[in-house]
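Below you'll find the structure, written out as structure tokens, and then a few comments.
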Amino acid sequence: MSSSDADVACCASQDDAPLLRRVVAPSRSQWEWITSICCALSYACTYFWRYPAFVLPPDVLDVPVRGGFTLRSCISFAFIGGFAAAKLPAAHFASSRLFFRHRRTLLLSLITSSMLIEGAGLAAPHPAAKVGAVFASAFLSSFLWGCMLTYLEGRVTTERHVALATLCLIYAGNASRGAGSAFLSAGVSPAAMPLA
């Protein structure tokens with residue numbers, strides 16, 4: 001008896017072993033869907049550290065930063081500028097051999113880095129540091145959609161995976177802003193929100 005059979009046998013009789021193997025070890029098709037769902041949900045979750053900033057109260061967002069610009073306008077410029085500045089580097093990166101060899105690791109690193117930069121940078125007391133963190137996070141976040149699509153492409157059911165990711169994308173922005181508003185309405189301090 002192999003070690004995997006011994007593991008199955010300890011849980012059930014030998015008659016149940018094939019059933020347990022099917023339940024415990026997903027098929028290739030099931031793994032593709034698990035991967036697709038994880039990609040779609042992880043991309044949707046990135047909105048939850050980027051978008052609640054736009055629903056913070058005026059006493060947080062109307063703080064002057066520099067040159068007559070408020071934190072609200074600087075965050076908007078940094079957000080748009082970070083995404084715009086990253087488009088060409090992101091396209092080059094997503095089509096590079098480096099990304100193709102290490103897709104999963106680099107995709108997870110981009111998501112984690114974007115989150116940590118925004119979270120840590122926005123905890124800084126100075127408004128300019130918050131704006132810089134938004135720019136850097138938006139720059140990295142600009143890579144995510146293209147890299148995720150590159151990761152999902154080439155599968156038999158690629159169109160379905162992209163449709164699922166797009167569905168999550170469509171609702172993520174509104175859901176994240178709604179969650180931010182709900183937390184603020186429930187009495188959570190703006191300092192506990194991203195960017196506060």
Study note, to complete from the structure: Placing one equal point scatterer on each C-alpha of the chain and summing with Debye, one gets log10 I(q)/I(0) at q = 0.12 Å⁻¹ equal to -0.70
Check your understanding: Pick from LEU71, LEU88, LEU106: which is most flexible by mean-square fluctuation in a GNM of the chain where alpha carbon atoms under 10 Å apart are linked?
Key -> LEU88
Exercise for review: Under a 10 Å cutoff between Cα atoms, tell me which one of ALA186, ALA175, ALA91 has the largest fluctuation in the Gaussian network model of the chain.
Suggested key: ALA186
Check your understanding: Accessible area, 1.4 Å probe, largest first: how do PHE79, PHE69, PHE99 sort?
Key -> PHE69, PHE79, PHE99
Review point. Hey, rough spin-label estimate for SER113 and VAL156, points 7 angstrom out along Cα→Cβ, what's it come to in nanometres?
Key: 3.6
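Using the crude model of +1 on Lys and Arg Cβ and -1 on Asp and Glu Cβ, and no other charge, please compute the dipole size for the chain relative to its Cα centre, in debye to 20.
Numbers: 15 positive and 10 negative charges, 126 e Å.
The dipole magnitude comes to about 600 debye.
Find, among the GluC sites (Glu not before Pro) in the stretch 90-196, those assigned to loop by DSSP (not H, G, I, E, B) with at most 13 other beta-carbon atoms within 10 angstrom.
Qualifying residues, ordered by number: GLU153.
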Check your understanding: Taking each full run of DSSP H in the chain as one helix, which ones are at least 20 Å long along their axis (Cα atoms) and have mean Kyte-Doolittle hydropathy of at least 0.0?
Key -> 28-50, 71-94, 103-121, 127-152, 158-185
Study note, to complete from the structure: Mean projected area (nm²) from the convex hull of Cα positions in the stretch 22-90 is 7.7
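Quick check: residue separation of SER29 and ALA163 times 0.36 nm, minus the Cα distance between them. What number comes out in nm?
Gain on extension, SER29 to ALA163, equals 46.6 nm.
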Study note, to complete from the structure: Check: C-alpha center the stretch 95-112 vs C-alpha center the stretch 132-196, spacing in Å is 18
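The values are calculated or read from the model by the stated rules, or taken from the named source; none is laboratory data. Note that the structure is a prediction, hence the values are computed from the model and not measured. Counting neighbours? That spans all protein chains shown, and the Cβs are built from the backbone with ideal geometry, glycine included. Heavy atoms of the whole protein, side chains included, go into the accessibility calculation; ligands, DNA and RNA do not. Shrake-Rupley method; radii C 1.70, N 1.55, O 1.52, S 1.80 Å.
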